[in-house]
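The structure under discussion appears below in the form of structure tokens.
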Amino acid sequence: VFAVVALLVGAIIIFNTFGITVAQRTRELALMQAVGADGRQVLSAVLAEAALIGVIGSALGVGVGIGTAIGLRELLAFVAQPLPATGLVVAPRTAVIAFAIGIAVTILAALAPALRASRRAPVDAMRSASAGARTVISTARLTVGMLVGGLSASLLIGTGLERGSLVTFAVGAAALTLAVILLSPLVAGPLTAMIGMPVRALRRLPGLLARANAVRNPGRTAATASALLIGLGLVTFVLILVSSFRASLDRVIVEQFRADYQLQAVDQIGFPHAVTERAREIDGVDVASAAGVTRADVDGAARTTFVIDSVTLPDVYDVTVVDGRLDGLADGGIAVSRTLGIPLGAQVAVRIDGAGAAARPVVALTDDVHLPGTTRVARVLIDASVTEGATERQDLVTFVKVAPSADVAAVRAALDDVVTDRPDVRVADTGELRAQVREQTDRLLGLVIGLVLLSVIISVVGVVNALGLSVVERSGELGLLQELGMSRRQARQMVRWESVII
């Protein structure tokens, strides 16, 4: 996803750059046609230039990518999240794919400006480079943008919320981003004028000119802003997603966790059930309910499945049951997440741990089950009695509830003694569970934000590039302004405020 975002941002920057340079070379391209070149030759010349730039950029990109991979590996090791200790693998296909994608993206991004260049009339050779530079938003672009915007609205507001499908949300979000890019020139002019009003009032002449420069070509302003929009939009999305994930897990611990302590598998694979049995024998322990994880085929589809004690689990953890009851699990039934679309009471073929399939009734519908202390999310629940004798039982977590009259501190000390010789098991209370959630989400957030910031850096390069080319394009205009009394300081302020407005 981050690679695609980076390519999209890069493509927008390339499109904007070629659009500016083609506009600056209006007289040159028109003169070529005036002396005999046809539109096809001009198109080929611009695309050949794009291909050459793509080759150079891709070569640099492969080198920078390898260096970045080394840096990320060292960074992950520094934050105690090292990658497997193997050498850096740079397969030949990596360079080939990178070259192919880099060249293709550059040529495609330059195609529209190249087509505009090929359609220049010879009479344009008599016009100034900036004449007619204002962007005309085509009817086709507006139509496609509105259709894509309608599609994104239907996906995000309708189907997405009803089914809660991550894929649907992702497609809707991508369609919304595309719609914003397509329609942004339509609103760039009015928005730029509005945003520039206080700048004009505060900075007077530099502000007035900065606002006028940003407004004069809404297409270019929109393209420059769109690259930044994508990167910062992705940052915002990640922040909201991780924060919501953290709040959701925190709420699970506060509202659904009824135990006092929990034994956790450090490796997220499991620990022997004998550890749970030892914890159950501690004086002062009222309930010790274990949950393990297995792989089950439900109607031919592989599902992550929690193996629970359906009698004791409700005492220590509140599973959200939408319909039905968990009592029937002990009689061989199963509970499934409502997101699977299987109705209550249906007979489904269930195969556990590779054993033969057996028809089992659906006795309860639940939400997706995420047990505190695990990274697994299950959509199927079965009772531990169903798996007896299949394989040696492994527990993923064990919820421990202390008897009302017992010494909580003494029980904690006894639990610590149980796991002293078990480095694969740890003990956690409610506060420690919440701290684990914060640590895990902070680590995830740091890694993802680091990747997203790479696209933001590309966006910043795009803004610098667009403003730099814009200044070159207006060199004559800027020289005239300085002849009329504008100072160099005011010229710098004008460009800076133009970037602020964008």
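With Cα atoms as the point set, the radius of gyration and Dmax of segment 427-494 evaluate to 24.3, 76 Å. Taking the accessible area of segment 421-485, probe 1.4 Å, and keeping the other protein chains in place, the carbon and sulfur fraction comes to 64%.
Label-to-label distance, Arg204 versus Ile457, with points set 7 angstrom from Cα along the beta-carbon direction: 4.1 nm. For the Cα trace of segment 331-383, dividing Rg by the Kirkwood Rh returns an Rg/Rh value of 0.98.
Considering only Val199, Ala274, Ile240, and ranking their Cα positions along the charge dipole of the chain that arises from unit charges at the beta-carbon of Lys, Arg, Asp and Glu, the one farthest toward the positive end is Val199. Distance from the Cα centre of segment 183-221 to that of segment 392-444, in angstrom? Comparing the Cα centres of segment 183-221 and segment 392-444, I get a distance of 59 Å. Within segment 183-204, which residues have the backbone N less than 19 Å from the label spot 7 Å out from Met146 along Cα→beta-carbon, could you tell me? Zone members listed by number: 183-190. With the charge dipole of the chain set up from +1 on Lys and Arg Cβ and -1 on Asp and Glu Cβ about the Cα centre, the Cα lying farthest toward the positive end among the listed residues Ala3, Thr139, Ala406 is that of Thr139.
Three semi-axes describe the equivalent ellipsoid of the chain; taken as square roots of 5 times the Cα gyration tensor eigenvalues and ordered largest first, they are 61, 25, 23 Å.
With all projection directions averaged, the alpha carbon convex hull of segment 354-457 covers 11.9 nm².
Note on surface exposure: Ile181, Ile20 rank Ile181, Ile20 by accessible area, highest first, 1.4 Å probe.
Sorting Leu481, Leu75 by accessible area puts them as Leu75, Leu481; the probe is 1.4 Å, largest comes first, and only protein heavy atoms count. Would you please name the GluC sites (Glu not before Pro) within segment 254-363 that are DSSP coil residues with at most 13 other C-beta atoms within 10 Å of their C-beta? Here the GluC sites (Glu not before Pro) that fit, given the DSSP loop and packing criteria, are Glu281. For the chain, a simple Cβ point-charge model (Lys and Arg +1, Asp and Glu -1, everything else neutral) yields a dipole of about 3880 debye relative to the Cα centre.
Rounded to the nearest 20, the size of the Cβ-charge dipole of segment 243-357 about its Cα centre is 440 debye, with Lys and Arg at +1 and Asp and Glu at -1. Net charge dipole, segment 443-502: roughly 300 debye, given to the nearest 20, about the Cα centre with Cβ charges of +1 for Lys and Arg and -1 for Asp and Glu.
Averaging 1/r over every pair of different alpha carbons in segment 1-81 and inverting the result gives a Kirkwood radius of 15.7 Å. Computed over Cα pairs, the Kirkwood radius of segment 246-301 leads via Stokes-Einstein (0.692 mPa s, 37 °C) to a diffusion coefficient of 235 µm² per second. A 1.4 Å probe run over the protein chains yields, for the chain, 52 Å² of accessible area per residue, whole-number rounding. The alpha carbons of segment 176-283 stretch over 81, 29, 20 Å along the principal axes, in descending order. With the charge dipole of the chain set up from +1 on Lys and Arg Cβ and -1 on Asp and Glu Cβ about the Cα centre, the Cα lying farthest toward the positive end among the listed residues Leu151, Pro113, Val425 is that of Pro113.
The values are calculated or read from the model by the stated rules, or taken from the named source; none is laboratory data. No experiment lies behind these values; they were computed from the predicted model shown. When we count neighbours, we look across all protein chains shown, and the Cβ atoms used for this are built from the backbone with ideal geometry, even at glycine. The protein model used for the area step is the full one, side chains on, heavy atoms only, and it has no ligands, DNA or RNA in it. Shrake-Rupley method; radii C 1.70, N 1.55, O 1.52, S 1.80 Å.
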